[in-house]
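The values are calculated or read from the model by the stated rules, or taken from the named source; none is laboratory data. Because the structure is predicted, anything quoted here is derived from the model rather than measured. FYI the Cβ positions are ideal-geometry reconstructions off the backbone, even for glycines, and counts take in every protein chain you see. All accessible areas refer to the heavy atoms of the entire protein, side chains included, with ligands and DNA or RNA removed. Shrake-Rupley method; radii C 1.70, N 1.55, O 1.52, S 1.80 Å.
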Amino acid sequence: KPDTAMTCADEAIDLAKQINWQMGITLAYRHQGYVYYALTDNVNAMVYFLKALKAGETLKNNFLKASIYNNIANVYADLKNYQVALDYYQKYLAASVSIKSQVTEIRALSNIADVHVELNDFSTGLDYYQRALSIADEAGSKEISAAIYNNIGETFLKQKDYALAYNYYTKSLQLAN
């Protein structure tokens, strides 16, 4: 129910502004960006993600900043503006490392890999997937490792290396089971 979600976000912004709660304002803007993104309205999604980024500048909250960087990068990637997407994914990665969040670091590395694969820079993409896989394996996250193995399989499939693709799909399936 995007209309209801947007109404709630509008109310949240009004209330947060009334009590001068900067975190609330930032989160509400980000939520509006999510709603527009879900509606595939990338222009308005970007407007509100950038508002959230600006509103959150003074908060010094790298976890929130990382999330917003990822949102912005996702919009650019969807628009196939890959160079700008990579810039924001790199910011997302740096913020993820600074907060020592393995899950967000894995997600950032995987997103960067995805963009490189889209650009047919398979070698760089595979390097980023391997970095993400190393962290996922170290954390013992079989679900995440399975997803990364699947992405690596997709990368080899795009290169028509069917044997390696099959190998990675099989690893993914074994972990998923």
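Of note:
- Among helices (runs of 4 or more DSSP H) entirely within segment 64-169, having at least 1 residues that are in contact with a Cys (Cβ under 8 Å, 6 or more places away or on another chain) and modelled with pLDDT of 95 or more singles out no element at all.
- Filter pass, TYR149 being under 30 Å from VAL47 (Cβ atoms), among the hydroxyl-bearing types (Ser, Thr, Tyr) and either in contact with a helix residue (DSSP H, G or I) (Cβ under 6 Å, 6 or more places away or on another chain) or open to solvent by 20 Å² or more (accessible area, probe 1.4 Å) (or both): no
- Given (1) closer than 19 Å to ASN81 by Cβ; (2) touching a residue at least 24 places away in the same chain (Cβ under 8 Å); (3) among the β-branched types (Val, Ile, Thr), index of the condition VAL43 fails: (2)
- None of ASP121, ASP127, ASP137, ASP161 is within 30 Å of ASP41 (Cβ to Cβ), open to solvent by 50 Å² or more (accessible area, probe 1.4 Å) and among the charged types (D, E, K, R) except ASP121.
- Matching entry among VAL47, VAL43 (being at pLDDT below 95, assigned to a helix (DSSP H, G or I), closer than 22 Å to ALA73 by Cα and open to solvent by 30 Å² or more (accessible area, probe 1.4 Å)): VAL43
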